[in-house]
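This report concerns only the one structure given below.
Rule-based calculations on the coordinates, nothing more; no lab input. Owing to the predicted nature of the structure, the values given are computational and were not obtained by experimental measurement. Note: ideal-geometry Cβ built from the backbone for every residue, glycine included; neighbour counts use all protein chains shown.
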């Protein structure tokens, strides 16, 4: 057998708000590659990038395919990838700018670091091209090729630590753009039987089904979970009233908080950064028209506004209960407001230590015990019962707080793709799977060979 090499293929920025889907293109390419007999060394990877980037795609997800192949097969592999990206991308849309990256061999540290930056911060096409040259990656651009940023980042994120999985089922092309036909009761049953090993299936506050997207893309549904086995089990429970063209299981950074970077000081934050910032609340939170809440947070040197928006539901209720002195951590993205002020848009928050809520009351009369009344500023108090007058200090009373210390998230409908649900706390993984669990890909016209048919 001829010597094989490791091939990494990254793709990004192929879709638009009106149509297309990068994961669908990956599924089509996966089938063609399986037909050539190449060996997949990992599940296809779905890497969600910084959700605060201003030029993000609809789901802001890039993909990476990792295979072993003979050197003589590489040109044919590239042709398969490029052909399908050109054919299936919404290339005529002004906001679509596809990019492809190919890397042979091991993942250099420089590319891993670049990936972390793209997931947590922002970068440029020029910087991506510089990294590609430095690590020996071959890039292919359609139009200006902004997608090479995500394509390289997807290759560099090897998911060696925490990760989750998503099984995505796709519709037949004749149904794209039409209402999706899913038995909602079966989704509730699936969630009941598989949660918490699957997550974010339903928003129970509104009764909204979350596994089905709302746009015109090819996805029928996507089920997220902790391992491929639970996803296949969940899929058997969900009833679709329309044919499925194909489905695929991705290994992904969804639900891991991979985008968040801990900072010590506000001055370390740049626009579009996804951060975790610890500080003390300085003033009573302000409620704006529309129900949005602004928290002013201090790191001991300077302050920054943290915005909790009304769609986050219960999170705004928690934010309104904060008082000066509370020690909290906010998780979110740095944005510039209309008045050119940097603000953190809060995705979730942790209350680390509650300050005492002190209420100052008029003193009790030392003679009869009745609550005294003020005679005016700096004029002391008078008892309404016995008429006793005196200059006395107000009495402090500690009131119980209506919130407790802990981590608070918005309802699932307001989660980012990368937001770690509370149900995942304690389930974080520390290493990648050793083997692939079959089946991880299926289509009407093709069933993959069984050479990877082992349990994870």
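A compact table of results
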item: Full-stretch length increase - residue 403, residue 364 - with 0.36 nm per residue and alpha-carbon distance subtracted; result: 11.1 nm
item: Length added when fully stretched, residue 91-residue 104, from 0.36 nm per residue minus Cα-Cα; result: 2.0 nm
item: Per-residue [θ]222 nm for the chain (sum of -39500 (n - 2.57) over DSSP H runs n ≥ 4, rounded to 500); result: -6000 deg cm²/dmol
item: Long-range Cα-Cα pairs in segment 4-158 (distance over 22 Å), rounded percent; result: 32
item: Förster radius 22 Å - calculated FRET efficiency between residue 175 and residue 18, Cβ distance, rounded to 0.05; result: 0.85
item: Gyration tensor (Cα) of the chain, equivalent ellipsoid semi-axes in angstrom; result: 52, 24, 19
item: Percentage relative contact order, segment 361-444, counting C-alpha pairs under 8 Å, at least six apart; result: 17
item: Stretch gain in nm, segment residue 338-residue 390, where the contour uses 0.36 nm per residue and the Cα spacing is subtracted; result: 13.5 nm
item: Under 19 Å from the residue 305 label point (7 Å along Cα→beta-carbon), backbone N, segment 238-273; result: 266-267, 269-273
item: Relative contact order, percent, the chain [alpha-carbon distance under 8 Å, six or more residues apart]; result: 15
item: DSSP beta bridge pairing in the chain, given as percent antiparallel to the nearest 5; result: 90
